[in-house]
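S.K.: One structure, pasted below without further comment.
The values are calculated or read from the model by the stated rules, or taken from the named source; none is laboratory data. Given the structure is predicted, the values throughout are model-derived calculations rather than measurements. Here Cβ is always computed from backbone atoms with ideal geometry, including for glycine, and neighbour counts include all displayed protein chains. Only protein heavy atoms, including side chains, enter the accessible area calculation; ligands, DNA and RNA are left aside. Shrake-Rupley method; radii C 1.70, N 1.55, O 1.52, S 1.80 Å.
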Amino acid sequence: MNFSEKLAAQSKFKGILLFNDGVFLRAYNEGVYILTELLGYDFKVNAMQLKKYNYRWVVTCAFPLNKLNVRLPNAELTEFGSRYNYAYDIKDYSRWFAQYCHNENHATPVSLEVDEQHLSEKSVNSCRAIKCSDGVFLKLNQKQVNYLSNWQQGYYPSEIDTKFIQSLKKILLTHHNPTD
């Protein structure tokens with residue numbers, strides 16, 4: 001099962017799909033939400049923006065395969081790993097996902113296709129100064145540049161767009177003295 005198929009299967013399934021990943025079981029998106037938010041497990045969760053998938057956000061976590069019976073004793077074994085039925089409110093998940101992916105403490109832009117050109121572009125583009133008006137520059141990190149480059153009306157919930165605008169305002173107020 002390729003990566004896109006895993007994400008599609010998880011989004012359709014009402015519960016957790018755990019995929020074999022060596023000696024670990026890995027959960028994605030909705031599965032991570034159920035494990036960490038609804039079941040309360042304290043797993044290390046990573047949010048990544050994947051270049052190969054049009055900068056789509058993915059949230060993931062994993063735990064050792066030998067802990068499955070302890071963590072989810074009623075989980076059903078499958079050819080790809082395991083499945084665990086669990087009903088949840090999709091609106092709460094959508095809100096959590098949007099906030100988690102756009103929280104600077106959790107989110108990390110990542111590429112599955114790393115090449116020398118991408119690495120050099122990443123180091124050059126880690127911060128960009130954008131001229132807003134005469135003498136006013138905003139210094140944006142790569143995450144902010146990606147957000148603006150890929151932004152489309154209605155793509156993100158309005159509260160995410162609002163938080164992004166607030167982050168730009170904070171940068172502007174921090175680095176700009178109107179008396180200059």
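S.K.: Here is a list of conditions, (1) in contact with a Ser or Thr (Cβ under 6 Å, 6 or more places away or on another chain); (2) surrounded by fewer than 18 Cβ atoms within 10 Å (Cβ to Cβ), and A75 meets all of them except one; can you say which number that is?
M.R.: Among (1) in contact with a Ser or Thr (Cβ under 6 Å, 6 or more places away or on another chain); (2) surrounded by fewer than 18 Cβ atoms within 10 Å (Cβ to Cβ), the lone unmet condition for A75 is (2).
S.K.: Oh, and also: Go through region 5-22 and give me each residue that's open to solvent by 10 Å² or more (accessible area, probe 1.4 Å), farther than 20 Å from R71 by Cβ and either touching an Asp or Glu at 6+ places or on another chain (Cβ under 8 Å) or in contact (Cβ under 8 Å) with a residue 24 or more places away in the chain (or both).
M.R.: S11
S.K.: List every residue pair whose Cβ atoms sit under 7 Å apart, with the two residues 6 or more apart in sequence or on different chains, where the first one lies in region 64-81 and is among the basic types (K, R) and the second, anywhere, is assigned to a strand (DSSP E or B).
M.R.: R71/F63
S.K.: Let me ask something additional. Show the residue pairs that are 6+ apart or on different chains and have beta-carbon atoms under 9 Å apart, the first residue being within region 82-98 and under 27 Å from S158 (Cβ atoms), the second being modelled with pLDDT under 85 and not in a helix (DSSP H, G or I).
M.R.: Note: pairs meeting the criteria are S94/P157; R95/P157; A98/Y156; A98/P157.
S.K.: Take residues that are at pLDDT below 95 and within 29 Å of L168 (Cβ to Cβ) and tell me which of the helices (runs of 4 or more DSSP H) falling wholly in region 8-122 contain 3 or more.
M.R.: Details: elements: 30-33, 68-71, 90-101.
Fully inside region 8-122 and qualifying: 90-101.
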